[in-house]
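Chemist: Before anything else, here's the structure in question.
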Amino acid sequence: PDEPAGSADIEDSETDKAVDDIAAKESDMVLAVEDARNSKKGKPSKGGGPGWKAKLKDLFKNKWTWVGIAVLLLVVFALPLTRYKILGLLVKEPVTVTVLDSKTGTPVSSAQVTLAGDTVKTDGEGQAHLKAGLGRRTLTVSKQYYTDLSTSYFVGFKKPSQPTQLRIVATGRLVPVTVLNSITGKPLGGVDVDVKNTSAKTNSKGVATIALPTTAATYSAKLSSNGYNPATVTVQVTDQTVKANSFNLTPSGQIYFLSNASGTIDVVKSNLDGTGRKTILAGTGHEDPNSTSLLASRDWQFLVLDSKRDGTHETLTLIDTSDDKTVSFDNTTSDFQLIGWSNHYFMYDLVKSNQQVWQPGNEVIKSYDADNQQLNQLDQSQAQGDPSTAYYFQRFSNFYIVSGSLVYLTQWDTGNSISPDYTGKSNTIRAVQPNGQNKKDYLSLSPSASTFGEVALYSPQAVYFSAFDTSSNPTYYDFEDLAAKPVKLDNSIFSQTYPTWLQSPSGNQTFWTELRDGKNTLFTGNSSAGNKKQIATNSDFTPYGWFSDNYLLVSKNSSELYVIPAGGLSSGQQPLKISNYYKPARTFNGYGGGYGGQ
């Protein structure tokens, strides 16, 4: 067969020069060793006469022995036939081969290329990257429904300016197959297409050309790629680019949501395209349809279900999505107020139904460490006095997760007291980390002089607080970066409607909506909602959450769940529907630390 393009003659001048340099260095090394040995004094051998070891040692002490070795090396390296056989054992060079179809010139993927015992398969661009020893080698290419190719290939020091191209002859029909991302609509490279005992891999344009026998009009094929759900499709045997041979793959991962399609409120999961639907926790039929909630952590590893599964007590249940196992971690006789997720800590506030407001610990803030399945108490209310005379009690309110901490208000109130005495007590802006550490009051006011009023989460990581003295004169504070600072504001700032900024799993992006002409305009931005980008206008969709930092979850009519690219939809593209779902009346405005609350 003809030499492949890019191969070199065996008398390659650049290779010969490199080999001569190696031979010269070898000769110099041999003579240097001989000179070093002559400079040393030999030691007499033990016994009556010299043994074979002593004779061998004397032989290598002889100058002419080393001269002979040097001459032999020069002779060996001077002959091309022997120099490359020896160097081929010591020196290996990278080789790139491109395999093309002989008729169309298109890359042939998943072809098996073998050179000097090194075997690899071509990628989506038809390229194989190998390593082989110097010298002339046999290069072979084989693939199902193609004629095998065997040719001679010379591996030298000189690199070809272009990868060697080999053309192989198809014995079947060349069928073009296109694979796209079902959410973005963009081409998917590196997808394996397996059909009829052969395979191909899509290139950067999402196209693979695969040779198939013409004994049938269609064949079943399997599409697979890392990070995507595999799919079984039907390929038409045609050499034309047809819509029937364009397929979609959906990114892997599963979405969890509530559904009452069965008649009870169940926890259900499905793939991002709605396939693989499965009920993982069936409802009991006792759930409150208005208050049942399911909140997911930003990475979708954990969820918390709040429901009255026995019809009487609220129960908080953790769902680990790695195995769908559940564990109930709090079912005390209390009214729960869900605060939400901060990474893998779920935080909530409860008021005990069996304890009076004038008793200490009537209200408790807790967190649940989902990784370690550990319940933590973050704070509990204080109380003082006697219900028969006068008593004082503390309340918590306005919970926000900002700067990695839970920020909230603590305020004192009184019962049965005409002239309350708040000596030693303070109303505060307080923050605590989700694990219970670093609890601190960042602002303290006297309850007899000031009371906190309206609050606004005006950006993803900053809160405005208002306080009023006994004459209703306002003072305003900005809590940001774990610091409370006085600011000058117009009280109308609190009458504005602020969006709920949904944080991405990395925390580097936010997703929210603004109402424009009665329609939702969707935006994404950085962690502080800056550098905002409009991704939809006049939309019927509202933000629901993120799935990784690449995809957005949106809701329609509070009953339909969709997924779209984080960069927005291209012209004419439609959102990919996941499923219908059940949305209780309960919402969590301002909570952007997880998903499912909108």
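Read-outs: derived from the displayed coordinates by stated rules, not from any lab. Bear in mind that the values here come from a model prediction, so they are computed numbers and not experimental data. Virtual Cβ from ideal backbone geometry, glycine too; neighbours counted across all protein chains shown.
Chemist: Exactly which trypsin sites (Lys or Arg not before Pro) in region 205-274 are in a DSSP loop and have at most 14 other Cβ atoms within 10 Å?
Modeler: Those satisfying the criteria are Lys205.
Chemist: Sticking with this structure for a sec: Quickly rank 549-558, 281-290 as a protection proxy: mean count of other C-beta atoms within 10 Å, highest first.
Modeler: Details: 549-558: 18.8, 281-290: 14.8.
Per-residue Cβ counts within 10 Å, averaged per peptide and sorted highest first, yield 549-558, 281-290.
Chemist: Here's a follow-up. Pop a pseudo-label 7 angstrom from the Cα along the beta-carbon direction at both Arg586 and Ala261 and give the gap in nm to one decimal.
Modeler: A separation of 2.4 nm, rounded to one decimal place.
Chemist: Would you pull out the residues with amide H under 5 Å of Ile578's amide H, same chain only if 5 or more places away, H placed 1.01 Å from N?
Modeler: Here the answer is Leu561, Tyr562, Val563, since their amide H atoms fall under 5 Å of that of Ile578.
Chemist: Related question: Which entries in Lys440/Lys488; Lys278/Lys556; Lys92/Lys158 show an alpha-carbon gap greater than 19 Å? Intermediate values should be presented prior to the final figure.
Modeler: Numbers: Lys440/Lys488 24 Å; Lys278/Lys556 22 Å; Lys92/Lys158 12 Å.
Table pairs above 19 Å Cα-Cα are Lys440/Lys488; Lys278/Lys556.
Chemist: From the cross-link list Lys366/Lys485; Lys222/Lys583; Lys269/Lys366, which pairs have alpha carbons spaced over 32 Å apart? Mind dumping the intermediate values first?
Modeler: On the way: Lys366/Lys485 27 Å; Lys222/Lys583 36 Å; Lys269/Lys366 28 Å.
Result: Lys222/Lys583 exceed 32 Å.
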